[in-house]
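Taking it in order: structure first as structure tokens, then the write-up.
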Amino acid sequence: AQSVAQPEDQVNVAEGNPLTVKCTYSVSGNPYLFWYVQYPNRGLQFLLKYITGDNLVKGSYGFEAEFNKSQTSFHLKKPSALVSDSALYFCAVRSGSASKIIFGSGTRLSIRP
Amino acid sequence: EAQVTQNPRYLITVTGKKLTVTCSQNMNHEYMSWYRQDPGLGLRQIYYSMNVEVTDKGDVPEGYKVSRKEKRNFPLILESPSPNQTSLYFCATARGQGGPSSEAFFGQGTRLTVV
């Protein structure tokens, strides 16, 4: 069965510092991995995805994510955090064709000025 | 413009009064799904559909019904709402067959309160 784990409920970072939001997954077959962001009173917005190829994926708003097959991880990163990055972040996985999308429990990212 | 439209955005209702939350998409996506979001529990899948007339239970289907009579619409039905169904609901769509690499597109959400 597919599953996604986000081990941290909250991540606190000072503005200008690098940030990492962790995600691990479990699927049978090749994984398709996604990150989404949710701002207050809004739906989820797509940030980036890993399909195949380069393990470092770049996405919107300066975010990137590193796929690590041996550790079954897909951590979200940004070199220099902004206060406006404060939001709720979700990792998600699909595998195979015609399969459902499973989301992690979410990590609240708080960037202090 | 690609859109997933949910209605209503906000709803307060009483226990036991049947209600329907509508979801419509204009992207011709096969896959549609309903999630509920509760504090500390993240997104939990209620039902999903791979195509017209094909629906499957997610992780928390009790108390909900869905139908997929046409590709663009995927209504969520609460036959007899209870207070524990008070939540924020999201509809999402994605390409289905042959498209596992497709990201999901979300509606704006429906905040439901059952009193």
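The values are calculated or read from the model by the stated rules, or taken from the named source; none is laboratory data. These figures come from a predicted structure and were not determined experimentally. Please note: Cβ atoms are built from the backbone with ideal geometry, for glycine as well, and neighbour counts cover all protein chains shown.
Quick look at the values:
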{"quantity": "Yes/no for B:S33 being more than 10 Å from chain A (Cβ to nearest Cβ) and closer than 23 Å to A:V37 by Cα", "calculated": "no"}
{"quantity": "Of the criteria (1) outside any strand (DSSP E or B); (2) surrounded by fewer than 22 Cβ atoms within 10 Å (Cβ to Cβ); (3) more than 13 Å from chain A (Cβ to nearest Cβ), which one B:G40 fails", "calculated": "(3)"}
{"quantity": "Residue check for B:F90: out of contact with any Lys or Arg (no Cβ under 7 Å at 6 or more places or on another chain), facing another protein chain (nearest Cβ under 10 Å) and at pLDDT 95 or above", "calculated": "yes"}
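Residue-wise test of (1) in contact with an Asp or Glu (Cβ under 8 Å, 6 or more places away or on another chain); (2) surrounded by 14 or more Cβ atoms within 10 Å (Cβ to Cβ); (3) among the aliphatic types (A, V, I, L, M).
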site	(1), (2), (3)
B:S24	no, yes, no
B:S33	no, yes, no
B:S49	yes, yes, no
B:G58	no, yes, no
B:Y64	no, yes, no
B:E70	no, no, no
B:E79	no, no, no
B:A94	yes, yes, yes
B:Q108	no, yes, no
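Residue-by-condition table, conditions (1) part of a loop (DSSP other than H, G, I, E, B); (2) within 11 Å of chain A (Cβ to nearest Cβ); (3) among the aliphatic types (A, V, I, L, M):
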position	(1), (2), (3)
B:V21	no, no, yes
B:I46	no, no, yes
B:S49	no, yes, no
B:P61	yes, no, no
